[in-house]
Amino acid sequence: MSVYPVFAVVAVLLAVGQVSHGGGARPLVRAIGPEAQLFVDDWLVASKRGVRRTLHPCTKLDRPVIVPDKPWEGQRVYVYGSASHDPARKEFRLWYMARCGRRRVTGLATPSGDVVCLATSKDGVHWQKPSLGLYAFDGSSENNIVWDYHSPSVVIDEAEPDPARRYKMAGAYHPKGRRGYWGAHSPDGLRWTHYPVNPILPSTDTITATRVPWTGEYLAFHKRSARVRGVGRRTVWLAASRDFQAWSKPKLLFAPDEQDDAWAAEPHQRTEFYVMSAFPYGRMMLGLLSVFRLTRIHKEPKPHQSPHDGPIDIQLVHSRDGHTWHRFEDRSPLIPTGPHPYDAGCILGVANGPVLARDEMWVYYTAITTPHGGALPAKRITIGRAAWRRDGFVSLDAGPEAGVVETVLLTAKGTRLEVNADASKGSLAVEVLTADGKPLPGFSRSDCQAVHTDSVRHAIRWQGGARLPADRSVRLRFHLTRVGLYSFRIAP
């Protein structure tokens, strides 16, 4: 994910007022960078007609990509962690959690019995567990253990001036008398050191961390209990930091509302939010919210069985600043359970951001065969991979009746318009308009070379060429017939 360029930070909102094509109210102007501009919300949309906003659930592989097949993994592997692509190493890297049991790792306290492991891959599907030699498990250092937090979330901080702190990790840690969420840093993602001030946040269990590139803030989304309509529930809280050490007072971010509980038929049934992963994408923040429908409570749970039972899936949330968040209008699952047995019960948690690979987005997730309260050995926990086309969570779709989407006035440094759209069954054309809504000469709909194919990067051309007018604000008007419009970008 690219860092938001300096020129675009100068003004996010150059003029505030009602969108207008004529005299009177000043038009709304948005300064944008070269990143993909999504249609998850209407932040860039002045008007639209004849289109509907569509959520696209992921596609999945037939089997998990990582299974617990090592003694130190204790028959469970989880992604509360992080995935990335390292161009220098030409490999994918995945930090994940395994449950090995207490006091079995030399050099780590493992107060919760959990360890952080690192896996690598050349293709994102076939993963290796390298022998790193950092810590001994049952007397042998032939393993891929790198640390011992619960719910480890890694941030690769390209802007960090101290090389020793380029990698940052947040997770739950339970030493006697100092229980809470802790922070650690590393120069390479392998050798970790606790920050001097810990714990960094109260409470414990699940946490994910990210960095907002255009503000420099670190954000920690973590689980805390709160009473919601008279019942204690799992909820998502947010804290922010400039240095990963001093954090703001946590605030309640997401709690289930009446709509979330509409399915419940018994007094003990309710919806809770288990964890949330969030990440910058383009010039906005996207979040993946784990929605837990608590269907029953086991009064006498078996060993290693949670008393709280029910399915968990993943819904989409979004923000423009990282602090004010919104549920997506369609609350159906972005990552549903099934259809394969390995994730038919729960999607417990997901990595703290997608990996962009070729023309796709990949999100790694914790896959469970049973609902949350399933018992071993039927409850098997592995790691799966969800996939979408690039920018593909949401589209604006038009049918056979033509649809039109018009942006607000845009200020950008680029001159090349690229559009991510599926026009394989229809037609896409783009007009470039002045501030008052009139087509620029040479950039009308009839001047545009209409698109009739599917691509994540259609290069839009007009009769006069492919270059947008430089050094002026413009509107874009998309004409869509049987088209799914995912995003656009104005590139250098």
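The values are calculated or read from the model by the stated rules, or taken from the named source; none is laboratory data. Computed from a predicted structure; not experimentally measured. Every residue, glycine as well, gets a Cβ built from its backbone with ideal geometry; the counts of neighbours run over all protein chains shown.
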When residues of the stretch 124-140 are limited to those that are small (Gly, Ala, Ser) and in a loop (DSSP other than H, G, I, E, B), the one farthest from residue 104 (Cα to Cα)
124
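Which one is farthest from residue 482 (Cα to Cα), of the residues in the stretch 44-86 that are without any contact (Cβ under 8 Å) to a residue 60 or more places away in the chain and over 22 Å from the mean Cα position of the chain (by Cα)? Outline the logic, then answer.
Within the stretch 44-86, the subset without any contact (Cβ under 8 Å) to a residue 60 or more places away in the chain is 69, 73-74, 86.
Filter once more, keeping what is over 22 Å from the mean Cα position of the chain (by Cα): 69, 73-74.
On the way: 69: 47, 73: 49, 74: 50 Å.
Selected residue: 74.
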Considering residues of the stretch 420-431 that are part of a strand (DSSP E or B) and among the polar types (S, T, N, Q) only, the residue surrounded by the most Cβ atoms within 10 Å (Cβ to Cβ):
420
Filter result (of a type outside the set (S, T, N, Q), farther than 24 Å from residue 53 by Cα, surrounded by fewer than 20 Cβ atoms within 10 Å (Cβ to Cβ) and at pLDDT 95 or above) within the stretch 449-492:
461
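Within the stretch 432-448, which residues are acidic (Asp, Glu) and either assigned by TED's automatic domain parsing to the domain that holds residue 358 or surrounded by 13 or more Cβ atoms within 10 Å (Cβ to Cβ) (or both)?
Step one: filter the stretch 432-448 for residues acidic (Asp, Glu), giving 436, 447.
Within the stretch 432-448, 447 is the sole residue that qualifies.
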Selection over the stretch 340-358 where residues are modelled with pLDDT of 95 or more, surrounded by fewer than 24 Cβ atoms within 10 Å (Cβ to Cβ) and closer than 30 Å to residue 42 by Cβ yields a count of 1
Of all residues in the stretch 282-302, which are assigned to a strand (DSSP E or B) and hydroxyl-bearing (Ser, Thr, Tyr)?
290
If you go through the stretch 81-104, how many residues are within 21 Å of residue 380 (Cα to Cα) and not in a strand (DSSP E or B)?
3
Only one of (1) within 15 Å of residue 146 (Cβ to Cβ); (2) exposed (fewer than 14 other Cβ atoms within 10 Å of the Cβ) is not met by residue 87, so which one is it?
(1)
With (1) within 18 Å of the chain's Cα centre (by Cα); (2) closer than 28 Å to residue 63 by Cα as the list, and residue 310 as the residue in question, which single condition is left unmet?
(1)
Charged (D, E, K, R) and more than 23 Å from residue 308 (Cα to Cα) - does that describe any residue in the stretch 340-355?
no
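Only one of these is part of a loop (DSSP other than H, G, I, E, B) and either surrounded by 14 or more Cβ atoms within 10 Å (Cβ to Cβ) or in contact (Cβ under 8 Å) with a residue 40 or more places away in the chain (or both): 305, 315. Name it.
After ruling out the rest, the residue left standing is 305.
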Looking at (1) crowded, with 19+ Cβ neighbours inside 10 Å; (2) in contact with a Phe, Trp or Tyr (Cβ under 9 Å, 6 or more places away or on another chain); (3) hydrophobic (A, V, I, L, M, F, W, C); (4) farther than 20 Å from residue 113 by Cα, which one does residue 46 not meet, given that it meets all the others?
(2)
If you go through the stretch 116-123 one residue at a time, do you hit one that is at pLDDT below 95 and in contact with a strand residue (DSSP E or B) (Cβ under 6 Å, 6 or more places away or on another chain)?
no
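Each row is one residue, and each column tells you yes or no for (1) in a loop (DSSP other than H, G, I, E, B); (2) modelled with pLDDT of 95 or more; (3) among the β-branched types (Val, Ile, Thr); (4) out of contact with any Gly (no Cβ under 7 Å at 6 or more places or on another chain).
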site	(1), (2), (3), (4)
2	yes, no, no, yes
7	no, no, no, yes
14	no, no, no, yes
18	yes, no, no, yes
22	yes, no, no, yes
26	yes, no, no, no
33	yes, no, no, yes
57	yes, yes, no, yes
64	yes, yes, no, no
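From the list 140, 112, 82, which one is polar (S, T, N, Q) and touching a His at 6+ places or on another chain (Cβ under 6 Å)?
Details: 140 fails: touching a His at 6+ places or on another chain (Cβ under 6 Å); 82 fails: touching a His at 6+ places or on another chain (Cβ under 6 Å).
Answer to the selection: 112.
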